[in-house]
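The values are calculated or read from the model by the stated rules, or taken from the named source; none is laboratory data. If you're wondering where the values come from, they're calculated on a predicted model, not measured in any experiment. Heads up, the Cβs are rebuilt from the backbone with ideal geometry, glycines too, and the neighbour counts pull from every protein chain shown. For the accessible areas, the whole protein counts, side chains as well, though only heavy atoms, and no ligand, DNA or RNA atoms are used. Shrake-Rupley method; radii C 1.70, N 1.55, O 1.52, S 1.80 Å.
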Amino acid sequence: LAAGQELPLPLGISANVFFLEQNMEAQSIAINLPDNLVPGLPPGLDLPAKATKLESRATSTTAKIDAWVLPFLNVYGVAGYVDGETVASGFSVSGLPPALASLLPNSFSIAYSGPVYGVGITLAAGYNQYFASLDANYTESDLDIGESTIEAFVVSPRIGITGNLGGLEGSLYVGAMYQDIDENQNGTVNFPVVGQALPVGYAVISEAEDKWNYLVGANLKASESWNYGIECGFSERTHVMATLNYRF
């Protein structure tokens, strides 16, 4: 089927930068207040809490190794580093006296970083200058706060067109991205209470509020081996991805 068709070189190494901003939906929030803040409160008590809004921003920088094992099937592995922040707004704690609850901040943020790694596959097909692809990958991140983790399953269908413009060869495409992201964050954050910073333990389990967003992107083929790409996602979730790929 592939005889006589122009195919990409079989092996590739890529550098990728991916920025993501989205709202999260809290499955559960619990905090552990210091003993000296609440006299008589049993130590180790986890108090249920809630937030009206959870915002997540993250930037991942990864290296990717891929191989076209069949003309329509690409497999790859990724490894790198993620750096992000989760901001909880409209924060409140259940079961506290009003006088004590008024001392707690209305919002707080959690900064994190850590390694990220995963695997994925891409299915692709083309007809004349038109093409379609379906990418699916799974990644895990081990964060530097407590025993926190992020697990993400991502599926991205894309359709596009290849061609030449002003001596440049490349492609334009549109598509969508489905993300099933589960964040399990736990650790300690400093709350400003009565003029001092008190360490408060927290445990937050959340998932992506909106699973889908739309995307547009472009790839530039600088040579037989070098490719450059840029992609932007929009709707309730936004993302920007830049890629530098070398094939051999």
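Below 8 Å, C-alpha to C-alpha, sequence gap of six or more: please give me the relative contact order for the chain in percent. Dividing the mean separation by the residue count of the chain yields 21 percent. Annotation for region 50-147: GluC sites (Glu not before Pro) lying in DSSP loop with at most 16 further Cβ atoms inside 10 Å of their Cβ are Glu147. Toward the positive end of the charge dipole of region 92-243, with +1 on the Cβ of Lys and Arg and -1 on the Cβ of Asp and Glu, the farthest Cα among Cys232, Val204, Pro115 is that of Cys232. Only one residue of Tyr81, Leu33, Pro71 has its Cα farthest out toward the positive end of the dipole of region 12-129, where Lys and Arg carry +1 and Asp and Glu -1 on Cβ, and that residue is Pro71.
Sites listed here are GluC sites (Glu not before Pro) in region 170-225 whose DSSP assignment is loop and whose Cβ has at most 14 other Cβ atoms within 10 Å: Glu224.
Protein heavy-atom surface of region 188-248, 1.4 angstrom probe: 63% of the accessible area is carbon and sulfur, with nucleic acids and ligands not counted. Ignoring aspartates and glutamates fewer than eight residues from Lys211 along the same chain, the ones with Cα atoms less than 15 angstrom from its Cα are Glu21, Glu25, Glu55, Glu151, Asp180, Asp182, Glu183, Glu236. With a 1.4 Å probe and every protein chain left in place, tell me how much accessible area Tyr228 has, in Å² to the nearest 10. Spelled out: Tyr228, probe radius 1.4 Å, area about 110 Å². Report, in deg cm²/dmol and to the nearest 500, the calculated mean residue ellipticity at 222 nm for the chain, where each DSSP H run with n ≥ 4 adds -39500 (n - 2.57) and the sum is divided by the residue count. Value at 222 nm, helices only, nearest 500: 0 deg cm²/dmol. The charge dipole of the chain, taken about its Cα centre with unit charges on the Cβ atoms of Lys, Arg (+1), Asp and Glu (-1) only, comes to about 440 debye.
Remark: region 56-157 carries a charge dipole of roughly 260 debye about the Cα centre, counting +1 on each Lys and Arg Cβ and -1 on each Asp and Glu Cβ.
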